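Trainee: Below is the structure I would like to discuss, written out as structure tokens.
The values are calculated or read from the model by the stated rules, or taken from the named source; none is laboratory data. Treat the numbers as computed from the prediction; the structure is a model and nothing was measured. Using ideal geometry, Cβ is built from the backbone for each residue, glycine included, and neighbour counts are taken over all protein chains shown. Calculation scope for accessible area: heavy atoms of the full protein, side chains included, ligands and nucleic acids excluded. Shrake-Rupley method; radii C 1.70, N 1.55, O 1.52, S 1.80 Å.
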Amino acid sequence: MNEIKELPQELINKISAGEVIERPSSVVKELVENSIDAKSSIIDIYIRNGGKTEIRVSDNGVGINSKDVKLAFKRHATSKLSDHNLQKISTLGFRGEALSSIASISRMKIYTSISDIADGKSFEVNSGLIGELKPSPRKIGTTIEVNELFYTTPARLKFLKTENYETLLIKQCIQKLALSNPEIEFNFYSNEKKIISSLASNNPNSNKKLEHRIVSLFGSEFFKNLIWFNEKIDCYNFYGFIGLPTFHHSNSAKQFTFVNKRPIHDRYLYNSIKAAYKDFLSYDRFPQVVLFINSPLEDVDINVHPTKNEVRFKNMQNLRSLLVRSIKKGLESAGHRSSTINTFKTLDIINKNKNNLNFMTKKVEDPLLSNNYFKEANSKNSTEEICQDYPLGLAKSQFHETYIISQTKNGIVIIDQHAAHERIVYEKLKKNYNQNNLETQILLIPEIIEVISEELDILLNHRDFLARYSLLIEKFSNESIIVREVPLILINCNISLLMKDIISDLIEIGDSQILETNINKICSSMACHGSIRAGRQMYQDEMNKLLREMESTPFSGQCNHGRPTYIELNLNQIESLFGRK
């Protein structure tokens, strides 16, 4: 074997830099976090060529004392652990690795001052070699320039992506830090073009400050689809804005999570968020959230990885349980609200196809037009009263025997009758099941259903479980079962198809011991069969009853599979389609 030798300091620094600095966005993160820790109120970030050529971060923080400037670039030198306590870290930075790591793989310049009389200091660092201090006409604060990133480690440079991709990662990094610090102004420029300009709100209310920051970063439409929630449970405080279930994304990129204001990328937290939404979203969609978790400092370990993107909690299982409960409680406050995104999709489709629309009319014999309910509800007073009192308004007609058009105070609503009723039935089943209060109906003529032997065994093994849903079954033969009793709410459904779906669910779930955690899946199948089907003609009183139930049912803005149950168009949007505005 070769003789063991101590590595030179220069090589040690480059190896350490590889752990801390993965790409240009890592540099931006570390420098901006230093600016935040320095109590800055304005932070400006400039980059060129996706950060590969130049990164410059300038702030108006407290600055660095001239006697400490050179020391700041030595490994594990920091001003943020004055009591040497790793158990209660309140700053974003604490390891003392960032500046030395960046300096070892780039050319750096630093300008800093602790005074408002422009008598600062500056110096250069090339590949870790620190130059001499020079006078600099800079007022209080610090500016750090990073040029030719990775020029000493060209292998890492080759693995970087395109300029646009690296710029996007930097933008996302700044967005996260801006969300957790709404009292600070952030300005981000790429190749002299302003990408982010987010002013600090002067509103004393912290919720309003966060609202202002979200709107400035992502726009008002993004904010309109969020729900404020704030829960204090045990030693934790969960708060922020969670997206409506119908406001989802193809990946987790729009999930912003923070622990004690520190941006965190943690799969356990992401899984917890998805678990809270699993009753409302398709498995391949992701909710959009801006979530903050405040925890006692001693209950969370942030010294897990050099990048400080991961944390560990003393009791992760307890945290997960409380977080899921808090998010679900926040979602309940949304009631029947649905995402406005579907409205804009509808308008976009209409605009693209309005030149191809056929406006020829023909006489239609519609039995709904002749019934007394429609005539009574269509009177001027009735329409105005209902539209004024109810968010989903008054049902005016049904088309294609699948969709309901309702007139509201400010426009119209288009409702998918099956999807809407499916959610209503589903929520009733869950509520009655949890309260052990399912009304039952004995079948006048019991239903005999043929099954294969494996399915028969599964159903008989879970007979007691199904009885809790008021589904009473017995063995009829070696290849069939008989259904004698069903929940009253499902009396009009196709029982044979319902049992086939339940068999499929039981096979997928498998172990009977985890059935309790999959109750919602069983309820979802039952609700689908017990709801109003597409293609069924509805009368006026039925349609209005459905609307009123939607308004009083939590989560009725989306069906059990995460699809919207209605789309709303206001008068301004409708008038713009016809060129009135």
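Trainee: With a 1.4 Å probe and all protein chains kept in place, how do ARG536, ARG23 rank by accessible area, largest first?
Mentor: The residues order as ARG536, ARG23, largest area first.
Trainee: Starting at 0 and stepping by 5 Å, how many percent of the alpha carbon pairs of the range 172-325 end up in each bin?
Mentor: Spelled out bin by bin, the range 172-325 gives 2, 9, 18, 21, 20, 17, 10, 3, 1, 0 percent.
Trainee: Counting only Cα, what are the radius of gyration and maximum Cα-Cα distance Dmax of the range 121-171, in Å?
Mentor: Considering the range 121-171 through its Cα atoms, Rg and Dmax are 15.0, 38 Å.
Trainee: Whole number in Å², please: accessible area per residue of the range 208-283, 1.4 Å probe, ligands, DNA and RNA not counted.
Mentor: So the range 208-283 comes to 40 Å² accessible per residue, rounded to a whole number.
Trainee: Can you figure out the FRET efficiency of GLU192 with LYS161, using R₀ = 22 Å and their beta-carbon distance, to the nearest 0.05?
Mentor: That pair, GLU192 with LYS161, gives E of 0.55.
Trainee: Ok, one more. Which of the GluC sites (Glu not before Pro) across the range 101-156 are loop residues per DSSP, with 15 or fewer other Cβ within 10 Å?
Mentor: Here the sparse-neighbourhood loop sites are GLU132.
Trainee: Using the basic label-point model (7 angstrom from Cα toward the beta carbon), what is the ASN207 to HIS561 distance in nanometres?
Mentor: Calculated label separation equals 3.6 nm.
Trainee: For ASN461 and SER66, compute 0.36 nm times the residue count separating them, minus their Cα-Cα distance, and round to one decimal in nm.
Mentor: 134.5 nm
Trainee: Between ASN230 and ALA118, with labels modelled 7 Å along Cα→Cβ, what's the label distance in nm to one decimal, could you check?
Mentor: 4.4
Trainee: Tell me the accessible surface of ASP464 in square angstrom (1.4 angstrom probe, heavy atoms of protein chains only), to the nearest ten.
Mentor: Only protein atoms counted, so the area is about 120 Å².
Trainee: In the structure displayed, which of LYS70/LYS314; LYS314/LYS428; LYS52/LYS176; LYS39/LYS109 lie more than 31 Å apart, Cα to Cα?
Mentor: From LYS70/LYS314; LYS314/LYS428; LYS52/LYS176; LYS39/LYS109, over 31 Å: LYS70/LYS314; LYS314/LYS428.
Trainee: Please give the net charge around CYS493, taking every other residue with its beta carbon less than 15 angstrom from that of CYS493, where Lys and Arg add +1 and Asp and Glu add -1.
Mentor: -1
Trainee: Which cross-chain or sequence-distant (5 or more) residues have an amide H under 5 Å from the amide H of VAL451, H modelled 1.01 Å from N in plane?
Mentor: Those lying under 5 Å, H to H, from VAL451 are SER480, ILE481.
Trainee: Further, regarding this structure: For the range 105-169, which whole-number percentage of the solvent-accessible area (1.4 Å probe, protein heavy atoms only) is attributable to carbon and sulfur atoms?
Mentor: Within the range 105-169, the accessible surface is 57 percent carbon and sulfur.
Trainee: Moving to a separate point now. Put a dot 7 Å past each Cα toward the Cβ at SER496 and GLU479; how far apart are the dots in nm?
Mentor: Output for this residue pair reads 1.5 nm.
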